[in-house]
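Visitor: To start, I am sharing the structure in question, which I have written as structure tokens.
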Amino acid sequence: MKSAHGAPKLNKPKVVFIMGATGTGKSKLSIDLAVHYQTEVINSDKIQVYKGLDVVTNKVTHLECRGVPHHLLGVIDDPDVDFSVHDFCRDALTAINQITQRGRAAIVAGGSNSFIEVLVEDPTYNFKSIYDCCFLWLDVSPPVLNDRVSKRVDEMVAAGLIDEVRGVFIPQPDYSRGIRRAIGVPEMDRFLRAENRLIDDEKPKEVLLDEAINEIKVNTFKLTCRQVEKIRMLREERGWNIRRIDATGVFESPGAADVEKAWQSLVLEPSLAMVGDFLKGHEKSFSPPYQFPATLPQVPVEM
């Protein structure tokens with residue numbers, strides 16, 4: 001059956017997934033697409049679902065949202081409660097159903113690829129039988145991304161990361177659950193213990209702080225490597241049709257105007273084309289599969 005405009009009529013509601021490592025621009029792309037297609041975004045970052053630590057978790061601000069409704073973003077009050085993958089699937093499915101019932105395609109964006117995998121693959125949810133899926137992958141070369149991560153951590157420190165972590169520090173924390181799992185919190189433990197005179201440390205506090213910040217950078221880059229490996233698995237072993245967009249040039253651009261121009265040409269325009277074809281039910285050739293290195297790059301440590 002065809003629509004009045006001649007395009008195939010597909011009855012399945014549509015869901016667009018924006019995937020990629022931390023720091024590649026997933027939130028920006030999801031908002032750009034949501035503004036263009038007049039739809040809504042569902043957060044799939046398992047740490048950003050909690051209230052608080054907005055700098056540490058790098059949540060989008062109200063201004064950056066540009067009026068786009070966001071679901072599952074800063075909705076959990078208790079910092080110690082565990083938001084499980086099945087909690088995510090339950091709440092994400094509710095939001096997706098609400099959005100698609102309004103005649104819109106839902107956009108799911110975030111770095112917790114294990115959550116997305118369970119949502120799509122677990123037979124309990126029957127997701128692939130109910131929804132049509134489009135997967136976009138924002139990819140940035142490891143050396144450029146590592147530099148981006150380092151600069152972003154410095155920006156987060158300048159924006160108040162240390163005070164945010166001070167605000168959730170307790171003498172006997174559990175860094176394996178809740179919001180305190182966030183990269184940026186456990187790494188500050190030794191510094192804050194010394195600051196609160198809970199331990200005697202021979203190192204000056206300034207040195208402890210520098211070491212904590214460096215550890216945040218290293219652990220964030222390690223996370224990006226794991227995220228890319230997960231996407232590789234979903235693409236190669238699960239057989240997901242994940243469409244790669246190389247955003248490296250955006251972060252190599254020298255100035256703000258050049259960054260925006262590169263974003264438009266390298267990321268937004270191809271993304272709009274891919275999503276547009278997906279929404280129309282058309283298929284076309286996309287960029288060739290990404291050639292992964294035999295081993296992950298070594299994680300540099302700044303001294």
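The values are calculated or read from the model by the stated rules, or taken from the named source; none is laboratory data. This is a predicted model, so every value here is computed, not measured. Cβ: placed from backbone, ideal geometry, glycine included. Neighbour counts: every protein chain shown.
Visitor: So, in the stretch 216-264, exactly how many residues are farther than 27 Å from ASP277 by Cα, part of a helix (DSSP H, G or I) and without any contact (Cβ under 8 Å) to a residue 40 or more places away in the chain?
Guide: Residues that pass the stated criteria total 5.
Visitor: Of the residues GLN227, GLN264, which single one is at negative phi and not assigned by TED's automatic domain parsing to the domain that holds SER30?
Guide: GLN227
Visitor: So which helices (runs of 4 or more DSSP H) are wholly in the stretch 80-168 and hold at least 1 residues that are under 18 Å from the mean Cα position of the chain (by Cα)?
Guide: Filter on the stretch 80-168 gives 85-101, 113-121, 142-158.
Visitor: A further question follows. Somewhere in the stretch 14-32, is a residue modelled with pLDDT of 95 or more, of a type in the set (A, V, I, L, M) and out of contact with any strand residue (DSSP E or B) (no Cβ under 9 Å at 6 or more places or on another chain)?
Guide: no
Visitor: Among the residues of the stretch 235-263, what is the count of those that are surrounded by fewer than 20 Cβ atoms within 10 Å (Cβ to Cβ) and closer than 18 Å to ASP122 by Cβ?
Guide: 3
Visitor: Pairs please, first residue from the stretch 111-125 and under 20 Å from LEU73 (Cα atoms) and at pLDDT below 95, second anywhere and polar (S, T, N, Q) and assigned to a helix (DSSP H, G or I), Cβ atoms under 6 Å, 6+ apart in sequence or on different chains.
Guide: Matching pairs, first to second residue: GLY111/GLN227.
Visitor: Here's another thing I want to ask about it. State the number of residues belonging to the stretch 238-269 that are of a type in the set (D, E, K, R), farther than 29 Å from LEU119 by Cβ and in contact with a Ser or Thr (Cβ under 8 Å, 6 or more places away or on another chain). Outline the logic, then answer.
Guide: The initial filter retains those residues of the stretch 238-269 that are of a type in the set (D, E, K, R), namely 238, 243-244, 246, 252, 258, 260-261, 269.
If we keep only those that are farther than 29 Å from LEU119 by Cβ as well, we get 252, 258, 260-261.
Narrowing further to those that are in contact with a Ser or Thr (Cβ under 8 Å, 6 or more places away or on another chain): 261.
Qualifying residue count, the stretch 238-269: 1.
Visitor: Still on this model: From (1) modelled with pLDDT of 95 or more; (2) over 29 Å from ASN219 (Cα atoms); (3) not in a strand (DSSP E or B), pick out the condition that doesn't hold for GLY6.
Guide: (1)
Visitor: Just need a number here: residues in the stretch 185-211 that are charged (D, E, K, R) and assigned to a loop (DSSP other than H, G, I, E, B).
Guide: Qualifying residue count for the region: 5.
Visitor: Can I ask one more? Would you be able to say whether some residue in the stretch 164-184 is in contact with a helix residue (DSSP H, G or I) (Cβ under 8 Å, 6 or more places away or on another chain), closer than 15 Å to VAL218 by Cβ and either surrounded by 15 or more Cβ atoms within 10 Å (Cβ to Cβ) or without any contact (Cβ under 8 Å) to a residue 40 or more places away in the chain (or both)?
Guide: yes
Visitor: Of all residues in the stretch 264-296, which are surrounded by 14 or more Cβ atoms within 10 Å (Cβ to Cβ), touching a helix residue (DSSP H, G or I) at 6+ places or on another chain (Cβ under 6 Å) and modelled with pLDDT under 50?
Guide: The one that is surrounded by 14 or more Cβ atoms within 10 Å (Cβ to Cβ), touching a helix residue (DSSP H, G or I) at 6+ places or on another chain (Cβ under 6 Å) and modelled with pLDDT under 50: LEU296.
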